[in-house]
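Below is one structure, written out as structure tokens; comments come after it.
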Amino acid sequence: MTQDSPAGGTNGKYVGRPIARIDGPAKTSGQARFAAEYSYPDLAYAALVYSTIARGRILSMETAAAKAVDGVVAVLTHENAPPMKPAGKLSPFDVSSIAISTSVNYLATDEVHWNGQPIAVVVAETHEAAQYAASLVTATYQHWHAKVDFASEVPNAIPDKGIPFMTGKADKGDAMAALATSPFTVDLEFSTPQYNHNALEPHATTAVWDGDKLTVHEGTQSLTGVQGQLAKRFGIPKDNVRVLSPFVGGGFGGKARPWAGTLLAVLAARATGRPVRLTLTREGVYHTVGGRTASTQRVALGAGTDGQLASIVHTSVSRTGYVGGMPERITEVSHETYAAPNIYLQQSSMKLDLVSNTFMRAPGEAIGSFGLESAIDELAWDMGMDPIQLRMANEPDRGPVSGKVFAHRHLREAYAVGAERFGWDQRELRAGAMRDGRWLVGMGVATAHHTAMQLTSSVTVRLNADGTVVVRCAMQEMGMGAPTVQTQIVADELGVPLEAVRVEYGDTDLPWGAPAFGSVQTASVTAAVLAACTKLKQSVLTLARKQPASPFKGRKLPELDTRDAGLFFGTRGQSYVEILNAAGRNHVEVAYKPNMPAFLARTVRDVGWRPKAATGAQFCEVRVDADTGEVRVSRWLGVFDVGTVINARTAESQLRGGIIMGIGMALTERTLIDHRSGRIINPSLSEYHIPVHADVPHIDVQYLNKPEPNSPLGLLGLGEIGITGVPAAIANAVRHATGKRVLDLPITLDKVL
Amino acid sequence: MKPFTYLKPHDIEAAIPAGTPPGTKYLGGGTNLVDLMREGIEQPDHLVDITGLHLDGIEELPDGSLRIGAAVRNSTLAAHPKVRKGYRVLSEALLSGASGQLRNMATVGGNLLQRTRCPYFYSDAAACNKRQPGSGCDALDGFNRSCAVLGVSDSCIAAHPSDMCVALSALDAVVHVQGPGGTREIPLTELHRLPGDTPNIENTLEAGELVTAVVLPPPLSARSTYRKVRDRASYAFALASVAAALEIEDDKVTRIRLALGGVGTKPWRAYEAERLLLGGPADEQAYRRAAEAELAAATVRAGNAFKVTLAEATIVAVLRDLSKAGAGS
């Protein structure tokens, strides 16, 4: 749904328009090649063998049967594999260290750290032979005690420091005392299970060595992360590693770091001296790639009779792995959502003998918003207040913890637009009062919130004498439309047709680009692209002014218009082609390279002074079967404030995808980790229930399109906000339909029955 | 996947000797067997493809019964006019199973013999008496939310996954088989075995016996339906399902067929509930009593206790709907 108002940030010809993605034809016609689709002469295929215990030591491995399989080239174990260098430690001074997924030095150790850890790699002439031979490798173990059960370890969690800039901590006023004296209180304990990544494209790597130079085809959200990690683990200079990732079949955080499969494909290629392709099975993704931590939360709210919050208490427990991961910033959401004089926020975590947890769409906020937004809804029930009214009574005009004034916050408008469009006034006040045949009908809302961050990027822009433009940046495209959006921006900045612009991306040989996680990529790359385009126009103007009859004598760039593939002062102008031809140049190229120390200093300052966030209002209607408790979502509306929308088509697609992922989180998905063995026992799309089409109603996505004053073009990243608030909106609608408050995700029928 | 030989004979006489030696499996649509081979759970040395045996016909027999070839695809059967008209419960059961793509491949014979979806059966790191006799059962004290509550043993609580079989059970279907010793007929309700101490032996077929057809008795006059309750709207196995046919005259139940899925270790014909209902009042109280009586034999574990309540609620809902819809019409 496209809005009536034009794009807020620019009056561009393309920015703000619903342009079809430029890689669409390549994808729909099968020409887009993914990491597992690159062939090399003499290519060999690798398959992983996984441990079947959670913790211990390998006593022996039986590989003879595997080696005897026709076509097997090598069976690599800790007994014969060439060693990798250690992973190193996470360091704020080494950006590539964020790419460490686990500390395990695969095949250089006999120690087992989780059930499913790769303990051998089979390389064969075919994928099938490798898979079969891998199934024949067995190990005997010395078993050690393993901690694998989240629920039983919750009491042992200890307060953690969160992650840099996001501690999830606050202690303002006296929240406990205020809670005790509030006339209305809710005090609820929530829990969520582990969720796992299920991108359409399973992780795959094709690795090719040429001497000490390495080429890797890999679907990744962080080209330079993979490059840096591989350089470090294999002891070669960074520039010797080329990572190619033109297409990524979905990431969602699961491809933000190279996991075991990537490292072991490269190791297998080095050990065998052949190009190696390793495509993880779906089960392999579950065993070797981290997921979203399980969690518990306590949210306690105290309010006066007018609905004003006096106290917010939000504490949480998450888990990491002994071999890596980071605490989940669950309580971060309560820093920014409601005004209250007394706020206490604290996160705790513990370590388990499981594969490291990792990023999954809106880390922290996806879980935290379930607790906070369910609790505020329950408070509304207790007070007999409309839940939107209660939220608006507590809408802050400055950071509730930081005290900093918001430069940009339009949540009131999002709720107003949403309530009107959704027909919120049709909602019966009583629970269980709306019915449609066998279905109990309920309506729920929740606030969506995602803190916005911005990194930086390098970029080159080249203007050719034929009028075409080439933009080069090692950014990532995993389906969200990043190159399409940059094409639009450059076409507008230079005043050239869309077709004249080509964006090159997905290759570490290109100038360094921001990673595609944390919803940072578009803002980060756009800032660099805008700077480069200005620089380019300046260079072109300088060239033009050197000509004797230049219409731009004495003119400065800000006085000129950029349109019709050229520069204009009033009606007098010259096309780029004319300027370059007159100057005898076949191209002009500029590079933008950020000053990193200055950038970091500015970032640290901005985090404290200009908190930015995307926000939104999620509206949903659910139907609950009165006999069986089955919950189905029947209607959805999300109204978002994501700043300027560059491309309505790709933006809505991302927001809609986030909402669908949230429906799965709320109703159907959960990773089953056996409490004795630590093994994931539902590692398949058949038994790990992501929503199917029949579970997803029409999703109406609206956005306010108000530019964020401190962002490039006024845009805010929108890859993650879509999922936030979704589980709570559904839980709140179920509460309305049935009178039951479900505190434990997913909301399966046995909890409603 | 372990290497295997593949043979596609063109007549039954060639297929049966080929399919009899140990380590041989008949292959229908492959939607379950091939998955199990990929997982290493089934490791046949030889596959005998039965889709070239001309077992894909559906014909009405002179006595009004319907003969369905074992290689008929699930989607074909669900869409067949005679099935939609006379055996609605079967059509609905088929359409509630798997996905459109899988139903286009899956055969009737294969559906009869599909294996459990208990997660521990699939987990090579777990103990499972069905997969590895004598290894134990990790489901008993593990994730057993999907497991059975009826017909269970100390060795196995795996639920039978089929929707089609539940409808066939209610319809008194008869399975026709042919083996080295000739042909025989097995009532559907006697095809599957309870797990007992040998959960690895799931049916009463002998070595080499091939399912050739399923025969449905002439259509019931009673109205029938299938209701499947599951965790998502499609492509999920039943937590509980009910196949039912009901006829009411003068507010009394004159005809009743009831079978349950998702709750039994085999397709569960609810004989006890049928006995209580037949001739009794056609009201919700009677439905509930009968449902509770059928589920009285349930043995629950921590994760699946809800299935008793769910199955009872679903039975009542289905019978209530059938009564409202004008049973007997």
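The values are calculated or read from the model by the stated rules, or taken from the named source; none is laboratory data. Given the structure is predicted, the values throughout are model-derived calculations rather than measurements. Ideal geometry is used to build each Cβ from the backbone, glycine not excepted, and the neighbour counts take in all protein chains shown. Areas reflect the complete protein model, heavy atoms only, side chains present, ligands, DNA and RNA absent. Shrake-Rupley method; radii C 1.70, N 1.55, O 1.52, S 1.80 Å.
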Quiz item: Which members of region A:712-744 meet the condition of being crowded, with 24+ Cβ neighbours inside 10 Å and assigned to a loop (DSSP other than H, G, I, E, B)?
Solution: A:Leu716, A:Gly717, A:Leu718, A:Gly719, A:Glu720, A:Thr724, A:Gly725
Exercise. Could you look through region A:435-470, keep only residues that are away from every other protein chain (no Cβ under 14 Å) and more than 37 Å from the chain's Cα centre (by Cα), and pick out the one that is most open to solvent (accessible area, probe 1.4 Å)?
Key: A:Arg435
Quiz item: Can you tell me which residues in region A:235-260 are within 21 Å of A:Thr279 (Cβ to Cβ) and assigned to a helix (DSSP H, G or I)?
Solution: A:Ala260
Practice problem: Note down all Cβ pairs under 7 Å where the first residue falls in region B:1-17 and is free of Cβ contacts under 8 Å to residues at least 60 places away in the same chain and more than 14 Å from chain A (Cβ to nearest Cβ), the second is surrounded by 15 or more Cβ atoms within 10 Å (Cβ to Cβ) and part of a helix (DSSP H, G or I), and they're at least six residues apart or on different chains. | Solution: B:Leu7/B:Ala18; B:Pro9/B:Ala15; B:Pro9/B:Ala18
Quiz item: Within the set of pairs 6 or more residues apart or between chains, which connect a residue that is more than 7 Å from chain B (Cβ to nearest Cβ) and under 18 Å from A:Gly56 (Cα atoms) inside region A:668-692 to a residue that is surrounded by fewer than 20 Cβ atoms within 10 Å (Cβ to Cβ) and among the hydroxyl-bearing types (Ser, Thr, Tyr) with Cβ atoms less than 9 Å apart?
Solution: A:His675/A:Ser152; A:Ile680/A:Thr671
Practice problem: Spot the failing condition for A:Ile646; the list is (1) of a type in the set (Val, Ile, Thr); (2) in a loop (DSSP other than H, G, I, E, B); (3) open to solvent by 20 Å² or more (accessible area, probe 1.4 Å), and only one is missed. | Solution: (3)
Quiz item: Among all residue pairs at least 6 apart or on different chains, which show Cβ distances below 6 Å where the first residue, located in region B:214-243, is within 8 Å of chain A (Cβ to nearest Cβ) and more than 19 Å from B:Ala148 (Cβ to Cβ) and the second is open to solvent by 20 Å² or more (accessible area, probe 1.4 Å) and of a type outside the set (Lys, Arg)?
Solution: B:Arg232/A:His689; B:Arg232/A:Val692; B:Ala233/A:Ala694; B:Ser234/A:Val692; B:Ser234/A:Ala694; B:Tyr235/A:Val692; B:Tyr235/B:Ser99
Exercise. Please find, among B:Ser75, B:Ser99, B:Ser65, B:Ser91, the residue that is within 14 Å of chain A (Cβ to nearest Cβ) and either closer than 25 Å to B:Arg257 by Cα or of a type in the set (Ser, Thr, Tyr) (or both).
Key: B:Ser99
Quiz item: What number of residues within region B:314-329 satisfy the criterion of being surrounded by fewer than 22 Cβ atoms within 10 Å (Cβ to Cβ) and modelled with pLDDT of 95 or more?
Solution: 5
Quiz prompt | Residue check for B:Leu140: open to solvent by 30 Å² or more (accessible area, probe 1.4 Å), within 14 Å of chain A (Cβ to nearest Cβ) and not in a loop (DSSP other than H, G, I, E, B) | solution = no
Quiz item: Only one residue in A:Tyr415, A:Tyr338 is assigned by TED's automatic domain parsing to the domain that holds A:Leu745 and within 24 Å of A:Ile659 (Cα to Cα), so which one is that?
Solution: A:Tyr415
Quiz item: For B:Gln178, which of the numbered conditions (1) away from chain A (no Cβ under 14 Å); (2) assigned to a loop (DSSP other than H, G, I, E, B); (3) surrounded by fewer than 22 Cβ atoms within 10 Å (Cβ to Cβ) fails to hold?
Solution: (2)
Quiz item: Since A:Met326 meets every condition but one in (1) open to solvent by 10 Å² or more (accessible area, probe 1.4 Å); (2) farther than 30 Å from A:Pro86 by Cα; (3) of a type outside the set (Lys, Arg), which condition does it not meet?
Solution: (2)
Exercise. Identify all residues within region A:613-627 that are over 16 Å from A:Ala446 (Cβ atoms) and either crowded, with 23+ Cβ neighbours inside 10 Å or of a type in the set (Phe, Trp, Tyr) (or both); write none if there are none.
Key: A:Arg623, A:Val624
Quiz prompt | Number of positions in region A:374-394 that are open to solvent by 30 Å² or more (accessible area, probe 1.4 Å) and closer than 16 Å to A:Gly616 by Cα | solution = 2
Quiz item: Can we say B:Val263 is touching a strand residue (DSSP E or B) at 6+ places or on another chain (Cβ under 8 Å) and within 14 Å of chain A (Cβ to nearest Cβ)?
Solution: yes
Quiz item: Among the residues of region A:347-363, is there at least one that is more than 15 Å from A:Gln194 (Cβ to Cβ), part of a loop (DSSP other than H, G, I, E, B) and either open to solvent by 10 Å² or more (accessible area, probe 1.4 Å) or modelled with pLDDT of 95 or more (or both)?
Solution: yes
Exercise. Scan region B:116-130 and give yes if some residue there is more than 9 Å from chain A (Cβ to nearest Cβ), open to solvent by less than 30 Å² (accessible area, probe 1.4 Å), more than 17 Å from the chain's Cα centre (by Cα) and small (Gly, Ala, Ser), otherwise no.
Key: yes
Quiz item: Could we say that A:Leu309 is of a type outside the set (Lys, Arg), within 30 Å of A:His127 (Cβ to Cβ) and open to solvent by less than 20 Å² (accessible area, probe 1.4 Å) here?
Solution: no
Quiz item: So which residues in region A:135-177 are hydrophobic (A, V, I, L, M, F, W, C), surrounded by 13 or more Cβ atoms within 10 Å (Cβ to Cβ) and in a strand (DSSP E or B), if there are any at all?
Solution: A:Ala139, A:Ile163, A:Met166, A:Ala170
Quiz prompt | Complete set of residues in region B:272-328 that are among the polar types (S, T, N, Q), in contact with a strand residue (DSSP E or B) (Cβ under 9 Å, 6 or more places away or on another chain) and more than 13 Å from B:Ala245 (Cα to Cα) | solution = B:Thr299, B:Thr314
Quiz item: Inside region A:33-105, counting only strands (runs of 3 or more DSSP E) that do not spill past its ends, which hold 2 or more residues that are farther than 30 Å from A:Ser245 by Cα and open to solvent by 50 Å² or more (accessible area, probe 1.4 Å)?
Solution: A:56-62
Self-check item: Close pairs (9 angstrom Cβ cut-off, 6 or more residues apart or separate chains): within 14 Å of A:Asp700 (Cβ to Cβ) in region A:644-661, open to solvent by 30 Å² or more (accessible area, probe 1.4 Å) and basic (Lys, Arg) anywhere
Solution: A:Ala648/A:Arg17; A:Ser653/A:Arg21
Self-check item: Tally, over region B:104-128, of residues that are part of a helix (DSSP H, G or I) and among the hydroxyl-bearing types (Ser, Thr, Tyr)
Solution: 2
Exercise. Just give me the residues in region A:552-586 being surrounded by 13 or more Cβ atoms within 10 Å (Cβ to Cβ), in a strand (DSSP E or B) and in contact (Cβ under 8 Å) with a residue 12 or more places away in the chain, in sequence order.
Key: A:Asp561, A:Thr562, A:Arg563, A:Gly566, A:Leu567, A:Phe569, A:Gly573, A:Gln574, A:Ser575
Quiz item: Across region A:347-376, what is the total count of residues that are under 28 Å from A:Lys740 (Cα atoms) and of a type in the set (S, T, N, Q)?
Solution: 3
Quiz item: What are the residues in region A:673-703 that are hydrophobic (A, V, I, L, M, F, W, C) and surrounded by fewer than 21 Cβ atoms within 10 Å (Cβ to Cβ), if any?
Solution: A:Leu685, A:Ile690, A:Val692, A:Ala694, A:Val696, A:Ile699
